[in-house]
Amino acid sequence: MVRYRLFLISLLLILVMTAAGCQFFSSDKKVSADHARFERIVQAVETLRSTYEQQKFDAIQKLMLPLQGFQQLEGRIQRDFDTYATISLRVAIERIYIKREQIKVNVRWDGVWQRSPAETPVVESGHGVWVWKGTKDILLAGVEGAIPFGKADR
């Protein structure tokens, strides 16, 4: 009788520990996957900022989904590169909203666009939403609000 109770208690303890362990590890993987995606989103925003600042048009194109509406945005970015010798851009992420594959990143930005060292620079700031898509590869799918791209056209 004592052995039977000891056996049941041991079995119950093993089941509880196994169930708790499985729940712990599965939620840990979910958190890790979400965190990894969050880091990829932050990295995509930083890459867009730095490639724009460095005026690397090909690298910017690789960050964008091949959408019809981006031809106009790409043209505006290219005109910025043709017009300004130096571009300095700071971007602060205020909020990230994720719903399945769609990601909306609220950003606050300020920048300095300068044609030549002798000319007065254009200084501007704004707030916009950069829409991204993807889970593994995060690509720009749209822009809303005030955006830093296309200063040469304004």
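The values are calculated or read from the model by the stated rules, or taken from the named source; none is laboratory data. Just so it is clear, the model here is predicted, and its values are computed rather than measured. All Cβ positions, glycine included, derive from the backbone under ideal geometry; neighbour counts span all protein chains shown.
Could you check how many residues of region 39-55 are under 19 Å from the mean Cα position of the chain (by Cα), surrounded by 15 or more Cβ atoms within 10 Å (Cβ to Cβ) and not aliphatic (A, V, I, L, M)?
Going through region 39-55 one residue at a time, the tally reaches 6.
Tell me, which residue of region 93-140 that is over 11 Å from the mean Cα position of the chain (by Cα) and of a type in the set (Asp, Glu) is nearest to Ile60 (Cα to Cα)?
Among those that are over 11 Å from the mean Cα position of the chain (by Cα) and of a type in the set (Asp, Glu), it is Asp110.
Considering only residues that are in a helix (DSSP H, G or I), touching a residue at least 40 places away in the same chain (Cβ under 8 Å) and within 15 Å of the chain's Cα centre (by Cα), which ones fall in region 56-89?
Of everything in region 56-89, just one residue is in a helix (DSSP H, G or I), touching a residue at least 40 places away in the same chain (Cβ under 8 Å) and within 15 Å of the chain's Cα centre (by Cα), namely Leu63.
Hey, can you tell me all the residues within region 73-100 that are farther than 18 Å from Gly128 by Cβ and not aliphatic (A, V, I, L, M)?
Gly75, Gln78, Arg79, Phe81, Asp82, Thr83, Tyr84, Thr86, Lys99, Arg100
Looking only at region 38-55, count every residue that is out of contact with any strand residue (DSSP E or B) (no Cβ under 8 Å at 6 or more places or on another chain) and either part of a helix (DSSP H, G or I) or closer than 15 Å to Val131 by Cβ (or both) and tell me the total.
6
Kindly indicate whether Thr86 is β-branched (Val, Ile, Thr) and either surrounded by fewer than 13 Cβ atoms within 10 Å (Cβ to Cβ) or more than 15 Å from Ala44 (Cα to Cα) (or both).
yes
Across region 104-154, what is the total count of residues that are within 17 Å of Glu74 (Cα to Cα) and assigned to a loop (DSSP other than H, G, I, E, B)?
6
Under the condition of being of a type in the set (Gly, Ala, Ser) and modelled with pLDDT under 95, which residue from region 112-134 is surrounded by the most Cβ atoms within 10 Å (Cβ to Cβ)?
Checking each candidate, the answer is Gly134.
Need the failing condition index for Tyr97 against (1) aromatic (Phe, Trp, Tyr); (2) at pLDDT 90 or above; (3) surrounded by 13 or more Cβ atoms within 10 Å (Cβ to Cβ), just the number.
In the conditions (1) aromatic (Phe, Trp, Tyr); (2) at pLDDT 90 or above; (3) surrounded by 13 or more Cβ atoms within 10 Å (Cβ to Cβ), Tyr97 misses (3) alone.
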